[in-house]
Amino acid sequence: MGVYRIGIDVGGTHTDAVLLDQDNTVISETKSPTTEDVTTGIYTAMKKIIQDGNVPREEIKYAMLGTTHCTNAIVERKRLNKIAAIRIGAPATLAVKPLIGVPDDLRDALGKYVYLIRGGHEFDGREIVSLDEEHLYQIAEEIKGNVDSVAITSVFSPVSQAHEQRASEIMKEVLGEDISVSLSSEIGSVGLLERENATILNAAVVNVAKTAADGFINALKNEGIEAKVFFGQNDGTLMSVEYAVKYPIFTIACGPTNSLRGASYLSDSSDAIVVDVGGTTSDVGVLVQSFPRESSLAVEIGGARTNFRMPDLISIGLGGGTIIRIHENGGFTVGPDSVGYRLPEKSLIFGGDTLTVTDVAVALGKVNLGDSSKVAHLDQTLLNKVYDKMVELVEEAIDKMKTSAAPVPVLLVGGGSILLPEKLKGASQVIRPEHSGVANAIGAAISQVSGQIEKVYALAEIGREKALQLAKEKAMSEAINAGADPDSLVIVDIEDVPLAYMPGNATRIRVKAAGDLARLEVNELV
Amino acid sequence: MRKLGKQEIEDIAVGAALLGTGGGGDPYIGKLMALQAIEEYGEITLLDPDEVPDDALIVPSAMMGAPTVMLEKAPSGEEAAAAFKNLESYLGKEIYATMPIEAGGLNSMLPLALAAKLGLPVVDVDGMGRAFPELQMVTFYLDGISATPMVIADEKGNTTLLSTINNVWTERIARAATIEMGGSSMIAIYPMTGKEIKKSGISNILKLEEEIGRAIRLAKEYNADPISEVLKKAKGFELFRGKVSDINRKTETGFARGVATFEGINEYKGETLEVRFQNEHLLAQTDQRLLCVTPDLIAVLDAETGLPITTEGIRYGARCVIIGMPCHPKWRTGKGIETVGPKYFGYDVEYVPVEELAKKGVTA
């Protein structure tokens, strides 16, 4: 009996889907337009690969979804939960109230029930003041019936979760077990405002995530598929549906990560530069030990500053649909605008009237696509110059992402990757893996399961080695809880930042562990 | 006299991050405090030092402790107010205005939030023209002005008044109190007369910050090169362009010490730059050349946006432009170099002004 998995990645223009077998061989793949409600597009793509794949439906056991549902809801300020935001930290932090730095319309949508109560901890785990439980009971009575999701953020909760957990108990005691509670210590790291914003946004998209998950599971059921469903996260690893519904904020921006991870898998490379050529832009990212290198800049989601770690990407205005303009004097421009998803009607080779990057590649015989006679009249010398310029744009972006002058492998993926040449400056080799057009959906399907921990340790007490060991163990047990196979676990990221001016050598340590999906269920099936 | 509103605060925050030269803490939280205070209490009055009466009592306000703690445990806003009240009753005189003690980072913003809250004016002057890590590293110290009486306050309502025999003891005792208070505290320090700030302070530093911040903002709006705009405003020099190839941090004797290594790009290809820091960037050198050293300013900017990057924000692979700026002439005296020069921070190099080093770079 086989075990198959579905991988789906929802992008801005396309929803890509793949069906893989146990050995991750591609059985079927498709690209279909992303629809406004997202769900219809997912459904269409899913149906197509199931039909094309023609495998016994009961053998499709896993379905992985990387989706933009939550991102869209936040950006559009629509379909959001009615939330209460509780910060525990007064008298500290009163000078910077919750949501002070976010755009007004987001504050309007989420700022109706905001509270700042006494409690919270110091950096070393002492209480600032004891938790004001009476106030929490009052708040719970006040928001009863008015909100369906609560965000709780306590000062230094990455050091001590005690006050957040007690607050959560009180909310559930008064509002019932079904109330959704988001705790900041489960979501973010040190940095109160960023973590609080992320927690508030998380609370706000709980319903959206639940609807998306239910819709996806039902769609699978309608097709006669009883699969275990996972969601892709921004760090390139998976989470279970139960977890995704509790912590939907982690689904934000999983797309670029999926494409980098898919490229890594398809080409069997762990360290490389990945160029994902789409219709409008190309994203250039870096793989370090099979994971995307992360950006050092603060990440804003819907205008709210968070401390999420996102892939470090450069986006350049060069895709398959990028418009080429030839000037009278023999000069030309490449983009930055594009015909985008209308390539099949607009470009010359498909009978349109707009000269695009794709037309140039076809005219020069680099690619065999459409009707090449429609571009045969173009001046080859000029087109060669245009092509050189396109390649140069990509090479420049690659160079910017490199950390040393030494050539590195370059992986080309995405629908437009066929337009690029076999050789690129600064690349030790150019790899264009099979199925590279749907690398992102494959990335979703083959994702690993991860666990992460971030804590402040006093190194003077336990020593650095011991502290790192504790942190690693905690991260690994988090990963196992999330469904990782203990034997395949590896530590994929360690970072320690000393806290300036602190006695006892206080250091913030962050560790991430990741491993393959545990095959337990597969064994159960056999 | 003029008023500071929200846009001015946004611009000053960017300039403050740049003059923070990698340390001083991210001004972000201070900026939010100032914005919230303006929302609640109205715009802030900024005074030119010349507008301050000679006998007026001016008290700088600042935070002390770990910026990392501040990022998690933001102030209540009452600490500095309590500190001011305590100091006023001790001195038996009303405080006329406040001012930043340092121009860089978080501390450049905190007096603005306090001023809005208390309805006091802010004087456009500071004691560093940049950021430094220790209390005695101010131009007032060079002129023999005492840091005390000073008051330390926390959000719980504790205040401590210090009278010490010298500024080194002030630093020691205040540091110990701050740690007990939870790793960060608000201080009212170096109470001075109007006459003293005119003589010993560095004037129009908020104005410079605002100009730098505005230049970066407008450069983005008009698609101009933010780096060259910054260099013009700060009278600085481009030292290097590179990608971060290594970042090594550790805590030693209460500092976040470390080295950031940059591999050259563009015209600097093949060269390697090391920037050494102790909270702030203090020394920039390649294999062959010394490029800039404390007390001159070294800032690391994002190559695309021109926005300054703190030492905590420096990450492997980031593309940066490193610039150097001359410090205020007060630091270039014998006592100035002794207080904040390379030897004080344990670097075995002689201080040479950045503009001379830049000239050598051209001829080399």
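The values are calculated or read from the model by the stated rules, or taken from the named source; none is laboratory data. Note that the structure is predicted; figures quoted are calculated from it, not measured. So basically every Cβ, Gly included, is an ideal-geometry build from the backbone, and we count neighbours across all protein chains shown. Surface areas here come from the heavy atoms of the whole protein model, side chains and all, with no ligands, DNA or RNA. Shrake-Rupley method; radii C 1.70, N 1.55, O 1.52, S 1.80 Å.
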Residues of the stretch A:311-332 satisfying the condition of being polar (S, T, N, Q) and open to solvent by 50 Å² or more (accessible area, probe 1.4 Å)
A:315, A:329
Here is a check on your reading of the model: is residue B:228 away from every other protein chain (no Cβ under 14 Å), surrounded by fewer than 16 Cβ atoms within 10 Å (Cβ to Cβ) and of a type in the set (S, T, N, Q)?
yes
Taking the stated definitions as given, is residue B:126 away from chain A (no Cβ under 14 Å) and touching a Ser or Thr at 6+ places or on another chain (Cβ under 8 Å)?
yes
Just the residues that are out of contact with any Gly (no Cβ under 7 Å at 6 or more places or on another chain), of a type in the set (Ser, Thr, Tyr) and over 30 Å from residue A:98 (Cβ atoms), please, taken from the stretch A:278-333.
A:290, A:315, A:333
Among the residues of the stretch A:335-343, are any within 14 Å of chain B (Cβ to nearest Cβ), of a type outside the set (Lys, Arg) and assigned to a loop (DSSP other than H, G, I, E, B)?
no
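With B:323, B:337 as the choices, which residue is part of a strand (DSSP E or B) and either open to solvent by 20 Å² or more (accessible area, probe 1.4 Å) or in contact (Cβ under 8 Å) with a residue 12 or more places away in the chain (or both)?
B:323 is the lone residue from the list that is part of a strand (DSSP E or B) and either open to solvent by 20 Å² or more (accessible area, probe 1.4 Å) or in contact (Cβ under 8 Å) with a residue 12 or more places away in the chain (or both).
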From A:217, A:170, A:179, A:225, grab the single residue that is surrounded by fewer than 24 Cβ atoms within 10 Å (Cβ to Cβ) and under 23 Å from the mean Cα position of the chain (by Cα).
A:217
Counting just the residues of the stretch B:186-214 that are touching a strand residue (DSSP E or B) at 6+ places or on another chain (Cβ under 7 Å) and among the small types (Gly, Ala, Ser), which one comes out surrounded by the most Cβ atoms within 10 Å (Cβ to Cβ)?
B:201
Across the stretch B:56-95, the tally of residues that are over 17 Å from residue B:162 (Cα atoms), of a type in the set (Lys, Arg) and either outside the structural domain of residue B:23 (by TED's automatic domain parsing) or open to solvent by 20 Å² or more (accessible area, probe 1.4 Å) (or both) stands at 1
Confirm whether residue B:148 is part of a loop (DSSP other than H, G, I, E, B), touching a Ser or Thr at 6+ places or on another chain (Cβ under 7 Å), more than 14 Å from every other protein chain (Cβ to nearest Cβ) and surrounded by fewer than 18 Cβ atoms within 10 Å (Cβ to Cβ).
no
Give me the pairs, please: first residue somewhere in the stretch A:456-470 and under 23 Å from residue A:188 (Cα atoms), second residue anywhere and of a type in the set (Gly, Ala, Ser) and assigned to a helix (DSSP H, G or I), beta-carbon distance under 9 Å, and either six or more positions apart or on two chains.
A:457/A:467; A:457/A:471; A:458/A:467; A:458/A:504; A:459/A:467; A:459/A:504
Within the stretch A:73-132, count every residue that is part of a helix (DSSP H, G or I) and either of a type in the set (Phe, Trp, Tyr) or buried (at least 22 other Cβ atoms within 10 Å of the Cβ) (or both).
4
So which residues in the stretch A:431-465 are open to solvent by less than 30 Å² (accessible area, probe 1.4 Å) and of a type in the set (A, V, I, L, M, F, W, C), if there are any at all?
A:438, A:439, A:441, A:442, A:444, A:445, A:446, A:449, A:453, A:456, A:459
Which ones in the stretch B:243-261 are at pLDDT 85 or above and within 10 Å of chain A (Cβ to nearest Cβ)?
B:243, B:244, B:258
Just the residues that are assigned to a strand (DSSP E or B) and away from chain A (no Cβ under 14 Å), please, taken from the stretch B:283-304.
B:283, B:284, B:285, B:286, B:290, B:291, B:292, B:293, B:297, B:298, B:299
Run residue A:256 past the list (1) closer than 26 Å to residue A:334 by Cα; (2) in a strand (DSSP E or B); (3) under 16 Å from the mean Cα position of the chain (by Cα) and report the number of the one that doesn't hold.
(2)
Odd one out for residue A:44 among (1) in a helix (DSSP H, G or I); (2) touching a residue at least 60 places away in the same chain (Cβ under 8 Å):
(2)
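Scanning the stretch B:152-172 for residues that are surrounded by fewer than 17 Cβ atoms within 10 Å (Cβ to Cβ) and away from chain A (no Cβ under 14 Å), which turns out nearest to residue B:62 (Cα to Cα)?
B:161
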List the residue pairs whose Cβ atoms are under 6 Å apart, where the first residue sits in the stretch A:332-351 and is without any contact (Cβ under 8 Å) to a residue 24 or more places away in the chain, the second is among the hydrophobic types (A, V, I, L, M, F, W, C) and outside any helix (DSSP H, G or I), and the two are 6 or more positions apart or on different chains.
A:337/A:323
